[in-house]
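Peer 1: Once you've had a glance at the structure underneath, I'll fire off some questions.
The values are calculated or read from the model by the stated rules, or taken from the named source; none is laboratory data. The model shown is predicted, which means the values in this text are computed figures rather than measured ones. Virtual Cβ from ideal backbone geometry, glycine too; neighbours counted across all protein chains shown. SASA here: full protein model, heavy atoms, side chains in, ligands and nucleic acids out. Shrake-Rupley method; radii C 1.70, N 1.55, O 1.52, S 1.80 Å.
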Amino acid sequence: MTGRRRGAVRSEAARRAILSATARLFAQAGYDNLAMERIAAEAGVGKQTIYRWWPSKGELVAECLLEGMLLPQRFALTDTGDLRADLVDWIQRLFDILSEPGGEGLLRSLIAAATENADVGRRLRDSLGGTSSIAVRLASAVASSQLRADAPLQEVGEALIGAVLVRALGRVPVAEGDAARLVDAVLGNSLGGG
């Protein structure tokens, strides 16, 4: 017995072609109108190849998102020097995604993909709340005394992301000022300087 794995070897070129096709078609038609047949044709691979590597459309879209191929500017957290304003702007952009056609479906598909695949779940958590721009931005806020040195940074990030995901699952409409109220509630007495 040689110990070789059965099945086709995953080609990096095919993987990139599939992810690129998914990102292009997602941008054109949105999540709800994304079809595996169309992705396969655009990427020049068989549909079975896609399903072998990504058992669901949600997992495929999740990988595109985690690779930075979908909505990268929408998920980036800026650092203007004003933590509260930066967080409100970031949360509002996430809420705007929920308000767009297919936006709730996109976030729900990420949640579903994370529950189906532990690796997707870990990567999603790291991307949104761990080593991502939110962790860097919160650490910068501590360094500039905008947040207390003992502020629970991981929990702040998780609470903000969690609130957005709960809204996506519950299909809760976003009202004017919700982003600011959420940020104020989560930051509470963690703000530094005063």
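Peer 1: Of Gly103, Ala179, Leu60, which is farthest towards the positive pole of the stretch 41-187's charge dipole, taken about the Cα centre with +1 and -1 on the beta-carbons of Lys, Arg and Asp, Glu respectively?
Peer 2: The residue sitting farthest along the positive end of the dipole is Leu60.
Peer 1: Order Arg137, Arg38, Arg84, most accessible first, counting only protein heavy atoms with a 1.4 angstrom probe. Numbers along the way, then the final one.
Peer 2: Numbers: Arg137 5, Arg38 125, Arg84 95 Å².
Solvent-accessible surface, decreasing: Arg38, Arg84, Arg137.
Peer 1: List the residues whose amide H sits under 5 Å from the amide H of Leu147, counting only those 5 or more places along or on another chain, with H placed 1.01 Å from N in the peptide plane.
Peer 2: Val142, Gly192
Peer 1: At a 1.4 Å probe radius, carbon and sulfur cover how many percent of the accessible area of the chain?
Peer 2: That fraction is 53 percent.
Peer 1: Another question about this same structure. Could you give the nm distance between label points at Lys47 and Ala35, where each point is 7 Å from its Cα heading toward the beta carbon?
Peer 2: Simple spin-label model gives 0.9 nm for this pair.
Peer 1: Roll a 1.4 Å probe over the protein chains and send me the accessible area per residue for the chain in Å².
Peer 2: Values: 10010 Å² over 194 residues.
In whole numbers, the chain has 52 Å² accessible per residue.
Peer 1: Express in nm, to one decimal, how much length is gained between Ala85 and Glu100 on full extension, taking 0.36 nm for each residue of separation and deducting their alpha carbon distance.
Peer 2: Roughly 3.1 nm would be gained on extension.
Peer 1: Modelling each spin label as a point 7 Å along the Cα-to-Cβ direction, I'd like the Ile111/Val166 distance in nm, to one decimal.
Peer 2: The two pseudo-label positions are separated by 1.1 nm.
Peer 1: Magnitude of the Cβ-charge dipole of the chain, K/R +1 and D/E -1, about the Cα centre, nearest 20 debye?
Peer 2: Once rounded to the nearest 20, the dipole reads 1000 debye.
Peer 1: Could you give me the radius of gyration and the Dmax of the stretch 18-130, taking only the C-alpha atoms into account and expressing both in angstrom?
Peer 2: Values for the stretch 18-130 (Cα only, Rg and Dmax): 14.8, 49 Å.
Peer 1: Summing -39500 (n - 2.57) over the DSSP H runs of n ≥ 4 in the chain and dividing by its residue number, what mean residue ellipticity at 222 nm do you reach, to the nearest 500 deg cm²/dmol?
Peer 2: It comes out at -20500 deg cm²/dmol, rounded to the nearest 500.
Peer 1: Kindly give Rg over Rh for the chain, based on alpha-carbon atoms, with the Kirkwood expression for the hydrodynamic radius.
Peer 2: When Rh is taken as the Kirkwood radius, the ratio is 1.05.
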